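Written out below as structure tokens is the structure these notes cover.
Please treat every number below as a calculation from the coordinates, not as lab data. The structure displayed is predicted, hence computed values, not measured ones. Every residue, glycine among them, receives a Cβ derived from its backbone with ideal geometry; neighbour counts consider all protein chains shown.
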Amino acid sequence: MMNWKTHPSYDGHEDVVAVGDEALGFAGIVAIHSTALGPSGGGVRIWNYAREDDALTDALRLSRGMTYKNAMAELPMGGGKTVIYKMGPDRTACFEKFGEQVDALGGRYVAAEDVGATVNDMRAIARKTAYVSGIPKEGGQAGGDPSPWTSLGVYLSVKSVLGGSVAGRTIAVQGTGAVGFGLCKLLAEDGAKLIVADVNAKNLERAVALGGQAVDVDRIHTVSADLFSPCALGAGLNARTIPELGAPIVCGAANNQLEVEEDGARLQARGIIYAPDYVVNAGGIISVSAEYIGESEAAVDARVRAIAPRLMKVLETAKAQNVTPHQAADAIVRERLAAARKA
Ligand code: NAD
């Protein structure tokens with residue numbers, strides 16, 4: 001693997017490890033950003049990248065993001081991420097092998113689902129290591145697919161930034177996958193008007209069945225709405241899209257929504273309120289973390305319900321200090337990490 005310590009996305013990462021197996025035909029990267037607050041937790045993303053460097057960039061950025069997300073959510077976990085950029089034909093065998101490789105990391109990294117990975121994949125990993133989460137449990141124990149919890153956290157955040165109610169409000173949802181569709185369901189039940197877009201026709205259709213108005217994927221961020229909710233992939237807020245945004249508030253699930261740091265200032269300059277992604281989308285990792293440490297579903301529910309009040313506090317702090325919301329959030333996290341390192 002290329003030298004990650006000189007990579008532009010390197011940010012003091014503790015370790016970056018190549019995983020995979022040539023005979024099985026799979027390859028990936030585990031990035032461990034920080035274990036200051038606990039084992040590094042973060043999902044397994046399966047994606048096709050044009051170049052191996054793009055996969056490394058994603059692993060570095062996403063693992064750092066997990067450190068910030070977990071610290072912000074007050075979880076006893078650090079930040080890590082796996083990116084699998086090549087999947088072999090025998091998926092189960094690949095994930096079992098990957099389980100062995102996660103085990104060899106000795107608990108510095110705990111795997112779970114992210115884009116492209118399923119509960120079955122986690123079960124295959126679990127046959128080889130205990131350092132995995134995201135597997136359904138019984139008897140009120142936390143566990144299983146984390147995305148409904150992410151949807152709930154996003155929904156409650158959307159509701160809060162809109163002043164406590166979504167009834168009659170128009171929400172533009174970009175990406176109606178696991179989280180986006182769950183969000184659409186909660187919003188529709190509450191009387192919101194939905195505008196939706198997805199590159200996957202099947203995923204789009206089920207959101208349309210909820211009453212959502214479908215628009216082109218290239219236009220969803222431009223439609224006139226009360227709130228724009230990015231729930232597809234990252235970097236959707238950038239120099240090209242920000243001038244075109246049709247809503248005064250952005251609040252969604254996608255990781256790394258700002259393409260570059262300055263995009264936060266670009267949003268601010270347009271008077272658009274940006275709910276920092278990692279504050280809003282912590283529901284899934286809250287469930288994953290609770291499962292790993294053996295908490296109950298009730299504890300997960302309580303932690304997820306703390307997201308929206310936390311978001312409002314971050315937005316207030318940003319306003320009071322005249323900084324962007326993500327700068328305010330980052331400052332809170334850095335303080336927490338520094339305190340943990342000192343302790
Ligand atoms: P998913 O794969 O189920 O859904 C993503 C959806 O986005 C898919 O339907 C896909 O077709 C669609 N999409 C891709 N490119 C698009 C485009 N250009 N325009 C419109 N739609 C597009 O994934 P998910 O689990 O719902 O996650 C969505 C986002 O939320 C990701 O950024 C993920 O990292 C983030 N997130 C997910 C969780 C979780 O619990 N699953 C937790 C935190 C953050």
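Numbers for the structure displayed
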quantity: Inter-part distance where segment 162-237 and segment 284-339 are each reduced to a Cα centre, Å; calculated: 24 Å
quantity: Over segment 58-109, equivalent-ellipsoid semi-axes from the Cα gyration tensor in Å; calculated: 25, 14, 8
quantity: Cleavage-rule hits, GluC sites (Glu not before Pro), segment 49-150, DSSP coil, Cβ neighbours within 10 Å at most 10; calculated: Glu138
quantity: Contour minus Cα-Cα distance for Thr118 and Ala130 (0.36 nm per residue); calculated: 2.6 nm
quantity: Values of log10 I(q)/I(0), in the order q = 0.11, 0.20 Å⁻¹, for segment 259-326 under a Debye, Cα-only, solvent-free model; calculated: -0.35, -0.80
quantity: Per residue Cα convex hull volume in Å³ - calculated over segment 188-235; calculated: 85 Å³
quantity: Descending Cα extents along the principal axes, the chain, whole Å; calculated: 52, 46, 44
quantity: Measure of compaction for segment 20-115 (Cα Rg per 2.2 N^0.38 Å); calculated: 1.05
quantity: Amide proton proximity set for Gly41, modelled H, under 5 Å, gap of 5+; calculated: Gly78, Gly79, Gly80, Val110
quantity: Contour excess over end-to-end distance, with Cα ends at Glu205 and Ile293 and 0.36 nm allotted per residue; calculated: 27.9 nm
quantity: Residue of Ile286, Ile32, Ile135 that the Gaussian network model of the chain assigns the largest fluctuation, springs spanning Cα pairs under 10 Å; calculated: Ile135
quantity: Under Karplus coefficients 6.51, -1.76 and 1.60, residue-wise ³J(HN,Hα) of segment 75-91 in Hz, glycine/proline x; calculated: 9, x, 9, x, x, x, 6, 10, 10, 9, 9, 8, 10, x, x, 9, 4
quantity: Residue pairs, from the table Lys159/Lys342; Lys69/Lys185; Lys97/Lys342; Lys185/Lys313, whose Cα atoms sit over 30 Å apart; calculated: Lys159/Lys342; Lys97/Lys342
quantity: Value in Å of the Kirkwood radius, where segment 123-259 supplies the Cα pairs that are averaged; calculated: 15.6 Å
quantity: Over segment 4-126, relative contact order from alpha-carbon pairs under 8 Å, at least 6 apart, %; calculated: 31 percent
quantity: For segment 93-198, diffusion coefficient by Stokes-Einstein and Kirkwood Rh (Cα), 10 °C, 1.306 mPa s, µm²/s; calculated: 102 µm²/s
quantity: Label point distance in nm, Asp190-Ala302, each placed 7 Å from Cα along Cα→Cβ; calculated: 2.2 nm
quantity: At most 16 other Cβ within 10 Å, DSSP loop - trypsin sites (Lys or Arg not before Pro), segment 175-271; calculated: Arg219, Arg240, Arg270
quantity: Rounded to 5, the percent of DSSP beta bridges in segment 4-126 classed as antiparallel; calculated: 65 percent
quantity: Debye intensity ratio in log₁₀ form over the Cα atoms of segment 1-50, taken at each q of 0.19, 0.22, 0.30, 0.32 Å⁻¹; calculated: -0.78, -0.99, -1.26, -1.28
quantity: Sequence-distant residues sharing a close amide H with Ala192 (under 5 Å, placed H); calculated: Gly168
quantity: Considering only the chain, percent of DSSP beta bridges that pair antiparallel, nearest 5; calculated: 40 percent
quantity: R0 of 25 Å, Cβ-Cβ distance Ile272-Glu74: FRET efficiency to nearest 0.05; calculated: 0.35
quantity: Segment Asn322-Lys86, length gained on full extension (0.36 nm per residue, minus Cα span); calculated: 80.6 nm
